[in-house]
Amino acid sequence: PLRISEAGNRLSTATGIYELMDDLGHAMTGPGAGKMRMLGGGAPAAIPAAQEVWRRRLAELLADPDQVDQVLGVYDAPAGSPAFRKSVADCFRRELGWDITEQNVAVTAGGQAAFFQLFTLLGDATQPIALPISPEYIGYADQGTQPGLFRSHRPKIEEIGPHDFKYHVDFENLDLSGAGAVCVSRPTNPSGNVLSDHELARLTQLAKAEGCPLIVDNAYGQPFPGAIFTQASPPPWDHDTILVYSLSKLGLPGTRTGVVIASEEIARRVAAMTAVVGLANNNTGQAIVGPLLDSGEALTLSRDVIKPFYQERAKLAREILAEAFGDAFPYRVHLTEGAFFLWLWLPELPIGSRELYERLKRRDVLVVPGDYFFYGLPEGDSSSNEWPHRRQCLRLTFSQSEQTVREALEIMAEELRALHG
Ligand code: PLP
């Protein structure tokens, strides 16, 4: 029999992110594509005005044979194309006043790869990555090559009105001692929470006091793609802050392009890791988007097209959900302050969220069971193991069409009515 290493086993056995991406891939590209009501993955919506921009940029590239040869025929440097890194640094310096140059920028094969590199660089069981709020992004959960990479914390839960709720950092119980880094997604996948400027400032201070960097995952954040629907400032940057961006949620997940903005040392180390794992990055996304950062079009597209699109979708999905669910059973939805998801809490769900996911999948409705997002909580702490909230949540993507969202939520309401008997 094949002898698999411990690290190999951790990375290659059924992981939540693999199940999620496999479901997504089959639903979007497999033989039955189109049948499944896809409220699963975090794929960006097909927004015609954004697609127009990508097609135009590809046409511009194709019209210039030298650029085509450069994009297809040449390995980039591991840190990314020098022109693109300069465009990124100039854009952030101009827009947000950050004191950075291209030396602070490293391109990666998507945000997901950026996190693998950063967590491997900064964390292990003896200096864990502290996650101030659990639930946190499913894609981090299985990235450790050893157990014990994360130290997650339960949030304070504020119940608002009959059907809303919101998470806050529980600063009184936040333990950053010995952490290798602190990490938050803002907006948060899965909950759509946006940490307030005040919470972020406090985390920055606490991480500094602990002598470790604060990583902010801006996959949905400002200034691009800008899927934030409340008042929140873009994160400030300094040498102790690591900001991760991605072209995916702008609408270019196929280009696999992530951007790390960090101290020169960290940017250099991330680039060195890119060389080890993959030699260099895909340069198509960089070639498409670089000039749009220079002209500012990437930011106006985010502000004028992408943000309003998702804000409208969020509102609509919430209205459809209220109509479909009525008052037949208790439910709450996290305030949708950003990102592409409704985060549903069913406090009296008689089964676990995974079983509910299976039932819905049999009816061609794909969602993500919430328990995947609650990793890194203390083992053997019976209070946290028994935290029922972990098994009572579901993540629903609202980036698909209104009809898909409506059908899916109506089927879900039927199942839930039956379950709550
Ligand atoms: N971070 C968050 C919070 C995400 O939701 C995602 C994708 O869903 C990623 C990072 C990684 O995305 P990508 O690797 O496409 O940049």
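Return a yes/no flag: does the stretch 160-169 have any residue that is modelled with pLDDT of 95 or more and either within 14 Å of Asp217 (Cβ to Cβ) or within 16 Å of the ligand (Cβ to nearest atom) (or both).
yes
Quick check on the stretch 337-365: of everything there that is among the acidic types (Asp, Glu) and part of a helix (DSSP H, G or I), which residue is modelled with the lowest pLDDT?
That would be Glu358.
Between a residue in the stretch 163-183 that is within 17 Å of Gly148 (Cα to Cα) and outside the structural domain of Glu323 (by TED's automatic domain parsing) and any residue that is of a type in the set (S, T, N, Q) and part of a helix (DSSP H, G or I), which pairs come within a Cβ distance under 9 Å, given they are 6 or more apart or on different chains?
Val182/Thr204
Against the definition (away from the ligand (no atom under 16 Å from the Cβ) and part of a strand (DSSP E or B)), how does Ala89 come out, yes or no?
no
Output the residues belonging to the stretch 27-55 that are crowded, with 16+ Cβ neighbours inside 10 Å, over 15 Å from Ser399 (Cβ atoms) and away from the ligand (no atom under 16 Å from the Cβ).
Residue satisfying the conditions is Val53 alone.
Among the residues of the stretch 95-147, which ones are within 16 Å of the ligand (Cβ to nearest atom), charged (D, E, K, R) and surrounded by fewer than 22 Cβ atoms within 10 Å (Cβ to Cβ)?
The answer is Asp142, and nothing else.
Return the residues of the stretch 327-352 that are crowded, with 24+ Cβ neighbours inside 10 Å and small (Gly, Ala, Ser); say none if nothing qualifies.
Gly338, Ala339
The values are calculated or read from the model by the stated rules, or taken from the named source; none is laboratory data. These numbers come from a predicted model, not from an experiment. No Cβ is skipped: glycine too gets one built from the backbone with ideal geometry, and neighbour counts run over all protein chains shown.
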